[in-house]
Structure formats: structure tokens, C-alpha cells
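Report on the following structure.
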Amino acid sequence: MEFLWGERAQPTRGPKPSLTLLQITDAAIAVADAEGLAAVSMQRVSAELGFTKMSLYRYLPGKGELVALMVERAVGEPPRLDPAAWRAALHEWAHGLLTAYLRHPWALEATVGPRPLGPHELAWMEHALTALRDTGLTGAEQLDAIAVLAGHVRMIAQQAAAVRDPDAQFSAGIAAVLAEHGARFPVLAQTMAAAAAEGGQDQAFEFGLDRILDGLQTLITSRRKPRR
């Protein structure tokens with residue numbers, strides 16, 4: 001926490017610094033993007049930069065701090081939202097978060113469990129909550145709404161991290177099984193056939209996002225109705 005939020009003094013011992021934290025962080029992100037978070041180590045990152053492992057410790061205490069910096073860099077600053085239009089703001093917010101996770105899938109693993117949160121991550125929460133501030137929802141409901149939205153984004157991003165087109169591959173896998181065993185699952189077979197004929201399937205992210213926002217719209221509208 002102190003490393004993420006405190007003032008970072010330049011190294012005072014040894015030769016003049018040849019690296020920056022940004023260079024180190026970007027090198028670590030490049031490794032994680034290519035090979036996953038498990039491939040990131042102080043040894044590996046220093047080798048990518050052409051320095052010794054010990055030289056990196058002049059800039060940061062260890063891998064934990066490095067991963068925290070990677071997350072901050074990966075999620076970046078949140079999009080600027082119009083707080084006057086909460087639904088459009090949250091729609092853009094969810095798309096922005098999904099884009100960040102799709103660009104850096106390892107960030108899904110790095111943002112699980114208790115850990116220190118940096119300024120960028122808190123700024124994402126701040127912007128989303130600002131959009132909900134005047135909706136009439138309670139503080140707990142606003143936080144829960146953001147948690148549900150973030151959970152939906154993470155679920156889709158996790159599927160996308162496993163396969164290039166998760167919805168299409170999932171549908172294709174079901175279709176292959178139903179071709180052999182469709183008689184055992186008549187309702188599923190009928191629904192899959194109808195979806196294929198109608199088109200517009202494989203839109204789980206947009207469908208789920210719209211339904212979440214529909215639910216919030218209903219709740220917000222009910223709170224705004226005058227009581228007799």
C-alpha cells in the first residue's frame with residue numbers, strides 16, 4: 001500500500017539509475033501478455049531488460065509490488081463518464097473494463113483476493129459510483145451494483161481468455177453433442193435450432209449487461225416514484 005500510494009524517492013545508492021519503474025513495469029507486462037502471470041519474476045524481467053536481478057531491487061521491493069504496478073498500468077485510467085446519464089455511463093464503464101481485461105487477461109488472476117488497491121483501480125470505482133450517486137439507491141446497493149457489473153465483465157473476460165470466440169465455440173460444442181444425442185435433450189435441441197435460425201446468438205456480454213442495467217432501471221424508477 002505504501003509503495004502504491006507513497007512518494008517514490010529515486011535510488012540514492014550506487015550508480016545513476018539506468019531504468020525507470022515504467023520500463024520495468026512494461027517489460028513485466030510484456031512477459032505476462034505473452035506467457036501468463038506465472039512467467040513473471042524479478043529474474044525474468046531483469047533478463048528481458050538486460051540487467052541483473054539485484055539491480056531491480058533498487059527500484060521496487062519485490063514481485064508483489066511489481067504485480068501491483070502491472071495491474072495499475074494494465075487497467076489504466078477509467079473512461080470519462082457523463083454522470084447525468086447513469087445507464088449510458090455504466091454501459092461505457094463495463095465496456096472499458098472488459099477491453100482492459102481482454103488486452104491483459106493475466107489481470108484477472110492478479111486482481112483476486114485481498115490486496116492493496118492502487119489509484120487507478122479506485123478511480124474506476126469512483127467513476128461508477130459517481131454515475132449512481134443521484135439515482136436514489138442506497139450506498140450498499142450502489143456498491144452491489146458495481147460488484148454485479150464487474151462480475152459479469154470478469155466472467156466474459158475469463159471465457160474469452162480461454163478461447164478466442166467463447167460463445168461461438170460453446171455453441172459449436174453443444175451442437176456437436178446434440179447431433180449424436182439430441183433425442184435425450186429435446187428442449188435444448190429445439191432451442192439451439194431456433195437460435196440458429198433466428199440469428200443474433202453469441203451475444204452474452206451485451207445481453208447480460210443490458211439485463212443488469214434493466215434491473216437497475218426498474219429499481220431506480222421505483223425509488224423515484226412519489227409515495228402517497
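With the structure loaded, tell me whether Tyr57 is in contact with a helix residue (DSSP H, G or I) (Cβ under 9 Å, 6 or more places away or on another chain) and surrounded by fewer than 15 Cβ atoms within 10 Å (Cβ to Cβ) or whether it fails that test.
Answer is yes for this residue.
Just a yes or no: is a residue in segment 37-44 outside any helix (DSSP H, G or I) and open to solvent by less than 20 Å² (accessible area, probe 1.4 Å)? Talk me through it step by step, then tell me what you get.
Our first condition is that a residue be outside any helix (DSSP H, G or I); within segment 37-44, this holds for 40-41.
Filter once more, keeping what is open to solvent by less than 20 Å² (accessible area, probe 1.4 Å): 40.
Checking segment 37-44: at least one residue is outside any helix (DSSP H, G or I) and open to solvent by less than 20 Å² (accessible area, probe 1.4 Å).
Taking segment 100-119 only, how many residues are open to solvent by 30 Å² or more (accessible area, probe 1.4 Å), part of a helix (DSSP H, G or I) and closer than 16 Å to Ala28 by Cβ?
Residues that pass the stated criteria total 2.
Which pairs turn up if I take residues in segment 148-163 that are within 19 Å of His91 (Cα to Cα) and open to solvent by less than 60 Å² (accessible area, probe 1.4 Å) and look for partners that are of a type in the set (Val, Ile, Thr) and assigned to a helix (DSSP H, G or I) with beta carbon separation below 7 Å, at least 6 apart in sequence or on another chain?
Every condition considered, the pairs that remain are Leu149/Ile212; His152/Ile212.
When you check His91 against the structure, is it assigned to a helix (DSSP H, G or I) and closer than 23 Å to Gly139 by Cβ, yes or no?
When the stated conditions are applied, His91 passes them.
Of all residues in segment 73-90 being surrounded by 18 or more Cβ atoms within 10 Å (Cβ to Cβ) and at pLDDT 90 or above, which is nearest to Ala150 (Cα to Cα)?
For segment 73-90, the residue satisfying everything is Leu90.
Identify, by number, the condition in (1) assigned to a loop (DSSP other than H, G, I, E, B); (2) within 17 Å of Ala123 (Cβ to Cβ) that Ala84 doesn't meet.
(2)
The values are calculated or read from the model by the stated rules, or taken from the named source; none is laboratory data. This structure is a prediction, so every number in the text was calculated from the model and none was measured. For neighbour counting, all protein chains shown are included, and Cβ atoms are generated from backbone atoms with ideal geometry for every residue, glycine included. These area figures cover heavy atoms from the full protein model, side chains too; ligands, DNA and RNA do not enter into them. Shrake-Rupley method; radii C 1.70, N 1.55, O 1.52, S 1.80 Å.
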